[in-house]
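Values quoted throughout were computed directly from the atomic coordinates according to the rules given, and no laboratory measurement underlies them. Keep in mind that what you see is a predicted model, and the values were worked out from it rather than measured. Heads up, the Cβs are rebuilt from the backbone with ideal geometry, glycines too, and the neighbour counts pull from every protein chain shown.
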Amino acid sequence: MTDAAATPPAGDADEGALPKAYDARAAEAHWYRVWQDAGVFTPDVAAVQAGRQRPYVIMMPPPNVTGSLHMGHALFVTLQDILTRTHRMRGEAALWLPGVDHAGIATQTVVERELKRHEGKSRHDLGREKFLERVWEWKEKNGSRIVEQLKAMGASADWTRERFTMDAQCNRAVKEAFVRMWRDGLIYRGERLVNWDPATGTGLSDEEVEHEEKDGELWRFAYKVKGGGPLNAKSFPSPQHDDGRAATVMLPADDALEIVVATTRPETMLGDVAVAVHPEDPRYTALVGRELVHPFFPERKVVVIADAAVDREFGTGAVKITPAHDPNDFEMGQRHGLPMINIFTLHAATNENAGVFEGFDRFLARKRVKAALEELGLFRGTSPIKHNVSVSQRSGAVIEPLLSRQFFVKTKRFAEQALSIVERGETRIIPEWWKKTWDHFMHNIRDWNVSRQLWWGHRVPVFYDLTKIDEVIEADANRKGTNTAAVKAQADGVRGRELLRIALSTLDDELVMKLAVASTDELEQQDPERWVQEEDVLDTWFSSGLWPFSTLGWPESTHDLKAFYPGAVLETGSDILFFWVARMVWMGAYFLGRSPFADVFLHAMVRDGAGKKMSKSEGNAVDPLDVIHGIALPELLAKTKTYPVPEKKLAAVLKAIEKEFPEGIPAAGADGLRFTLAALSAHGRDVKLSIPRAAGYKAFLNKIWNATRFVLMRVGDAPVPALAEVRDQLSLGDRWILSRLQRATRAVSDAIDAYRFDEAANAIYQFFWSELCDVYVEITKGAIDKPATRATLLHALDTSMRLLHPLCPFQTEEIWQKLPGRDARWPSTKFCAVAPWPTPDLALVDENAEREMAVVLDAVTMARNVRQESGLGPRAPVKVDLVTQDQDVFAILGRQSALIALLAALSEVNRATSAGYQAPRLSGTQSNGVLDVVVHLEGLIDVDKEKARLQREIERAQKDKAGLEKRFANEDFVKKAPPEVVAEGRATMAALDEKTARLGAALGRLG
RNA sequence: UGGCUCGUAGCUCAGUGGUAGAGCACUACCUUGACACGGUAGGGGUCGCUGGUUCGAUCCCAGUCGAGCCAACCA
């Protein structure tokens, strides 16, 4: 416990009283520091191991080190912190383990960009080692920004256990995991078509590729069949020269037999090795097996093959096959044993295999190829087509399928385990409809490409043995002949690392595996003459997959690991279910034999007020910090201008902001933003962040503040007995609010346990405002000096603060600390943050009090209604008769007429039984069918208004009655509906009749 | 193309097999010693559309239209 806890935040002058307004900024900074200094966020491992405390563990999804707080972060912080704080208050050892992700591509790109801008250098100019030093420098300088922002949200994470996915501990886990998987035969090296991102120069996993529908064209051209006649020289403009020089090729005559293919990527024809048709397509059966003339590579063998995968309906029914540049073609190439001709460099420019088309960017190459084919008379028309283009999630560049050698993880076993884990309920997915998506993904998973051609990341712990290289090259030559690049290099005297480089890119993979060893030791450092480490790094998600246990010290068997694995829940956005959640389940099950969490809760996406995805480049991203602190319109506009919004969109974007936020964004405080996000996060629905709604919840927090001010002012320093001491002195109001409080407690608790954060928010909101403030506080105004009332009021406020604390930690702590008698009530509890979580006390649930209060409140509302509608001022003295034929109600009125008078501000209340009651001629009447409220109106009334009101009430009652009559008109209803429903209907009809009669009589009296 | 989610008051959203709810906005009155970021009362909905099951459907089922997400895909 520190002194700071006893020190009020700045600006507090009055002793005992609360300042008029809550200073969110000061309170947030103050309490966060105090909690952290007191070690509130750090759980007691020893207590867990000794069995004194149950663990409750959430692993925080590590935000990218390059990131700055966005609404998605704000949402996950809010939800995870609610869970963590609730369980902490329940006395569990709550561990919310935070950290930051090294985010391979993103971080490398950021640092490269800075390097370019400030020093005009590329990473290659620096070299790998120097460059990585720069990245680490950048991380040290900027990496804490996102962490500070999470803290500003109130995240009660255990920062003493904060991890970075690239720190030594995580690195050790990564190496260990890789090596074990390697030994178990789960990792292989393969030459595959990978998703190549030419902008960042690396391969990507399938999950990192997005599909965008775009307009394209289906371009048709002809391949001439070989052997149909003599070849003629034809020329086309040389793509290498713009001066009109021509290149020449030999082609069959124009009227020779041909086959027309359709493609969206004409430039890939430079790598064509076949044309495929459907085996049963009568148009082409005669051509199957024939050779075709490639216009630019006459020596290349291009054959017509038959394959059932061809769609006869699409295009011309004939497909050009480029195995090195299209996934489907790759598979077809495998089936038919076709060669693969790679025509692109790593930057997606044409390479030497493109012949005269070498050296063009892929899009320029497309133009040149098309021009050439047109000139040669092979063009056969074009048609528009909508098709999906694969785009890198990171860089936005169009993905180039590229033949490349990479390490893959076999996923079949993992997927089967993941299916079974969810199937048998070891891990629940919530909302549960995601299970179907999970199953579908696991059933259709392909092997996971874990290599990344980056520098920033965990370097693949594979080492190549230079002492074995000659032997392997020889083995390769035995298979393929001595004409291989490696053999040639050997003959030229190339040795060591350079020879290895050549071998790695040309030798068969299983031979490469013979000289490769996976090891957790730094073999290359130990013996650089013998060992060379793999250049590539691992996919970021590889280290993220180990997060639930690498953070706890795995592979060591640490106390943390024993105490805190597996965790309780993994909470994250549904968009990374596969990237991350799946991989954690795979690896957790594989290395520790158990799924890393009991529940997976997937929250929705945060969108803007119009329902659009928030994105900086769309200019519609709302910065959580602007909602917390507020921002004026000019600053908001200025800020938006710094976002990467396309030039031509900017004006419209700014206009939209002006329209949506004419006054800027009002400050909601961290608590306000948290409450708003929680209240809006219903299952199965995106969170559309509504600023007006946030303002509404800010008003709620203001209401709480002021209710507390009232209590502090009125209760002051006077002694407040414990609730238990005054149990036998409770008034109806006391018993009622305590009963309602138990229900609210149950509702909030249940909602949080069910991840229904919206329900939790609504339950506390509803209770505090509509019941505690609107009714109970009003009641206490007449009875604040009674010990039972003070005890009840404080108990209700105290309990409410504890219930609300997980949602709004700062303001509740600020208030809770100042509640009168806090030290006496909670002698051993220093903070609301660790105060006991409220549990419903069934002994305080009081059905009778609730029923009685319902009668009171009904009477009050009816009295107020007459008073308002008949134009009586709020202060006019009003005399009311309460009339009923119901004995219970009559008895209640006897007990509670003073309460009714208080709440409805009546000057006089009398009760009467229906029999023999004579209403005054000038009166306003309201009835619910059981109880009539008759307001004396002599000298006060606007008779016409009152008549109109009565008329309206009668019409409404009759309309309701008609609905019920219709139901009863159906004989089957009475026969088949449950008796209680029928009885209820009858009672309602009777009450409506009664109400109509009463109001009719009142109308009659008015003349 | 398949899977999933959503379509309820002007807006943002809850909800249930038994005559529809909240917040904001709206109307009227009220500056009452906690709070105008407030109080009181009130207006406002054929619960996307069409069928079916049922005594009864906003809720269950089928279809349909619309919005969105995910996965796949025809080159």
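Assorted remarks:
- Value of Rg to Rh for the range A:199-352 (Rh from inverse mean 1/r over Cα pairs, i.e. Kirkwood): 0.98
- Kirkwood Rh, angstrom, the range A:634-778 [1 / mean 1/r, Cα pairs]: 18.6
- Beta-bridge orientation, chain A: approximately 70 percent antiparallel, per DSSP, counting only bridges with both partners inside.
- Here the dipole of the range A:331-433 is about 100 debye; that uses its Cα centre as origin and unit charges on the Cβ of Lys and Arg (positive) and Asp and Glu (negative).
- Among A:717-729, A:849-861, sorting by the average number of other beta carbon atoms lying within 10 angstrom of each residue, highest first, gives A:849-861, A:717-729.
- Charge dipole of chain A about the Cα centre (unit charges at C-beta), most positive-ward option of A:Ser681, A:Leu738, A:Thr925: A:Thr925
- Each listed q (0.13, 0.22, 0.24 Å⁻¹) maps to a log10 I(q)/I(0) for the range A:631-711 from the Debye sum over equal C-alpha point scatterers, namely -0.55, -1.04, -1.10.
- Legend: distances between Cα atoms for A:Lys641/A:Lys698; A:Lys116/A:Lys639; A:Lys639/A:Lys818; A:Lys141/A:Lys659; pairs beyond 32 Å are A:Lys639/A:Lys818; A:Lys141/A:Lys659.
- Among A:417-426, A:125-134, sorting by the average number of other beta carbon atoms lying within 10 angstrom of each residue, highest first, gives A:417-426, A:125-134.
- Signed unit charges on C-beta, dipole axis of the range A:340-388, positive-most listed residue A:Ala354, A:His387, A:Phe344: A:His387
- Chain A - mean residue ellipticity at 222 nm from DSSP helices (-39,500 (n - 2.57) per run, n ≥ 4, rounded to 500): -13500 deg cm²/dmol
- Rounded, prolate or oblate (a/c below 1.5 giving rounded, otherwise prolate when a/b exceeds b/c) for the range A:670-748 by Cα gyration tensor: oblate
- Cα gyration tensor shape for the range A:475-547, rounded if a/c is under 1.5, else prolate or oblate: prolate
- With the convex hull drawn over the C-alpha atoms of the range A:103-146, the volume per residue is 70 Å³.
- Centroid-to-centroid separation of the range A:689-734 and the range A:164-236 [C-alpha atoms, Å]: 63
- Whether the range A:189-256 is rounded, prolate or oblate, judged on the alpha carbon gyration tensor where a/c under 1.5 counts as rounded: prolate
- Contact order normalised by residue count of chain A, Cα under 8 Å, 6+ apart, percent: 12
- Farthest towards the positive end of the charge dipole of the range A:516-579, among the residues A:His559, A:Leu577, A:Val517, is the Cα of A:His559, using unit charges on the Cβ of Lys, Arg, Asp and Glu.
- Stokes-Einstein diffusion of the range A:222-283 at 20 °C, 1.002 mPa s viscosity, Kirkwood radius from Cα pairs, rounded to a whole number: 152 µm²/s.
- Each peptide among A:906-918, A:166-178 gets the average number of other Cβ atoms lying within 10 Å of its residues, and from highest to lowest they stand as A:166-178, A:906-918.
- Taking the inverse of the mean 1/r over every pair of distinct Cα atoms in the range A:903-992 gives a Kirkwood hydrodynamic radius of 15.8 Å.
- The Kirkwood hydrodynamic radius of the range A:367-428, based on inverse pair distances between different Cα atoms, is 17.3 Å.
- Radius ratio Rg over Rh of the range A:126-239, counting only Cα atoms, Kirkwood formula for Rh: 1.21
- Antiparallel bridges, percent of DSSP beta bridges restricted to the range A:448-605 (to nearest 5): 60
- Taking only the Cα atoms of chain A, the ratio Rg/Rh comes out at 1.10, with Rh defined as the Kirkwood radius.
- Alpha-carbon Debye profile of the range A:589-689, log10 I(q)/I(0) at 0.15, 0.20, 0.21 Å⁻¹: -0.68, -1.03, -1.11
- Note on the range A:441-578: Cα Rg divided by 2.2 N^0.38 Å, N the number of residues, gives 1.40.
- For chain A, size of Cβ-based charge dipole, Lys and Arg +1, Asp and Glu -1, in debye: 1340
- Per DSSP, loop trypsin sites (Lys or Arg not before Pro) in the range A:771-807 with at most 13 further Cβ within 10 Å: A:Lys781
- Per-pair calculated FRET efficiency, R0 = 41 Å: A:Ile385 and A:Glu510 via Cβ, rounded to 0.05: 0.50
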